[in-house]
1. Among the residues of the range 101-121, how many are part of a helix (DSSP H, G or I) and either basic (Lys, Arg) or at pLDDT below 95 (or both)?
2. Evaluate the range 6-19: report whether one residue or more is polar (S, T, N, Q), closer than 23 Å to residue 91 by Cβ, more than 15 Å from the chain's Cα centre (by Cα) and outside any strand (DSSP E or B).
3. List every residue pair whose Cβ atoms sit under 6 Å apart, with the two residues 6 or more apart in sequence or on different chains, where the first one lies in the range 3-32 and is in contact (Cβ under 8 Å) with a residue 12 or more places away in the chain and the second, anywhere, is among the basic types (Lys, Arg) and buried (at least 20 other Cβ atoms within 10 Å of the Cβ).
4. For the range 32-57, give me each residue that is in a loop (DSSP other than H, G, I, E, B) and either surrounded by fewer than 17 Cβ atoms within 10 Å (Cβ to Cβ) or touching a strand residue (DSSP E or B) at 6+ places or on another chain (Cβ under 6 Å) (or both).
5. Can you tell me which residues in the range 83-101 are more than 11 Å from the chain's Cα centre (by Cα) and either loosely packed, with under 12 Cβ neighbours inside 10 Å or under 21 Å from residue 30 (Cβ atoms) (or both)?
Amino acid sequence: MFTSNFKKHGRHPNAVAISLSVPTSYKGKRVHGLSPSWDMISELKLSGDAGAFEDRYQKEVLSKLNPKVFYDALMENYPQPCILLCYEDGDEFCHRHIVSEWFERELGITVTELNRKDDRV
């Protein structure tokens with residue numbers, strides 16, 4: 001499993017969007033269970049407080065999910081190896097990085113960020 005953004009890998013056949021919205025040009029797969037709410041996104045944009053966003057995301061989204069069940073569903077229902085996408089560039093704070101850390105912490109699964117458009121999957 002990998003992570004990236006729409007700009008770099010939005011056209012890849014293994015792309016799976018985990019954002020609340022997607023670019024109009026995106027025609028790939030989507031999974032909504034990992035999306036932050038608009039309220040969380042707005043609060044982050046207003047405050048810039050990544051720590052508060054992460055705490056809230058953990059509490060309101062991830063704590064309600066079983067990581068093993070969610071991971072298994074991704075493996076069974078989406079192209080492999082899937083690339084979890086959202087908007088932010090690789091070095092910007094983003095919920096996909098929180099998801100990566102969650103899978104690693106809870107399941108021991110490393111999820112790698114694809115840093116270049118030409119990174120091979």
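1. Going through the range 101-121, the residues part of a helix (DSSP H, G or I) turn out to be 101-107.
Subset that is either basic (Lys, Arg) or at pLDDT below 95 (or both): 105.
Residues that pass the stated criteria total 1.
2. No, there is no match, as no residue in the range 6-19 is polar (S, T, N, Q), closer than 23 Å to residue 91 by Cβ, more than 15 Å from the chain's Cα centre (by Cα) and outside any strand (DSSP E or B).
3. The qualifying pairs are 3/96.
4. Of everything in the range 32-57, those that are in a loop (DSSP other than H, G, I, E, B) and either surrounded by fewer than 17 Cβ atoms within 10 Å (Cβ to Cβ) or touching a strand residue (DSSP E or B) at 6+ places or on another chain (Cβ under 6 Å) (or both) turn out to be 32, 33, 37, 48, 49.
5. Residues of the range 83-101 more than 11 Å from the chain's Cα centre (by Cα): 89-93.
Scanning the range 83-101 gives 89, 90, 91, 92.
The values are calculated or read from the model by the stated rules, or taken from the named source; none is laboratory data. Quick caveat: nothing in here was measured; it's all calculated off a predicted structure. Reconstructed Cβ throughout: ideal geometry from the backbone, glycine too, with neighbour counts over all protein chains shown.
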